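Q: So that we are looking at the same thing, I have put the structure below in structure tokens.
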Amino acid sequence: MAKRVIIIGATSGIGLEVAKLMLKEGWQLGVAGRREANLLALKDIAPTQIVTQCMDVTHEDAPQLLQLLIDKLGGMDMFL
């Protein structure tokens, strides 16, 4: 079974680049960020390896949305 990672801030910058590298390594990704269009563009790269959750970590509902993402991914082995 592939390892599963949650990456917060995967819509740009370091988070996006780490996500791309981990895809190449065969990880299953749960990616989160504020820009839904960017999340969906990332998912288009590898739809069977990526699940997404639009969220802002500064909002009150962030813990619930994070748990939803973990559930969608089926658990997690690493959190970034």
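Q: Could you do me a favour and compute the accessible area per residue for the chain, 1.4 Å probe, result in Å²? Don't skip to the answer; put the middle values down first.
A: Working: 4770 Å² over 80 residues.
That works out to 60 Å² for each residue.
Q: Using a 1.4 angstrom probe on heavy atoms only, work out the carbon and sulfur share of the accessible area of the chain in %. List each step's numbers first, then the result.
A: Numbers: 2730 of 4770 Å².
For the chain, the apolar C and S fraction of the accessible surface comes to 57 percent.
Q: Enumerate the calculated ³J(HN,Hα) couplings along segment 38-47 in order (Karplus 6.51 cos²θ - 1.76 cosθ + 1.60, θ = phi - 60°), each rounded to whole Hz, writing x wherever the residue is Gly or Pro.
A: 5, 4, 5, 5, 5, 4, 4, 5, 8, x
Q: How far apart, in nanometres, would the label points at ILE45 and LYS24 be if each is projected 7 angstrom from Cα along the Cα-to-Cβ direction?
A: In this crude label model, ILE45 to LYS24 measures out at 1.0 nm.
Q: May I have the extent of the alpha carbons of segment 10-59 along their three principal axes, as whole Å values ordered from largest to smallest?
A: Dimensions of segment 10-59 along the principal axes of its Cα atoms: 31, 19, 14 Å.
Q: Which longest run of the chain has no exposed loop site in it, a site being trypsin sites (Lys or Arg not before Pro) in a DSSP loop with at most 16 other beta carbons within 10 Å, and the site itself not part of the run?
A: Working: sites that count: LYS3, ARG34, ARG35.
Here the longest segment lacking exposed loop sites spans 36-80.
Q: A further question on this structure: Under 5 Å between amide hydrogens, which residues at least 5 positions from ALA46 or on another chain qualify, with H placed 1.01 Å from N in the peptide plane?
A: Excluding prolines and chain starts, which carry no amide H, there are no hits.
The values are calculated or read from the model by the stated rules, or taken from the named source; none is laboratory data. All of these numbers come straight from a predicted model, not from anything done at the bench. For neighbour counting, all protein chains shown are included, and Cβ atoms are generated from backbone atoms with ideal geometry for every residue, glycine included. We work out accessible area using only protein heavy atoms, side chains counted, and drop any ligands, DNA or RNA first. Shrake-Rupley method; radii C 1.70, N 1.55, O 1.52, S 1.80 Å.
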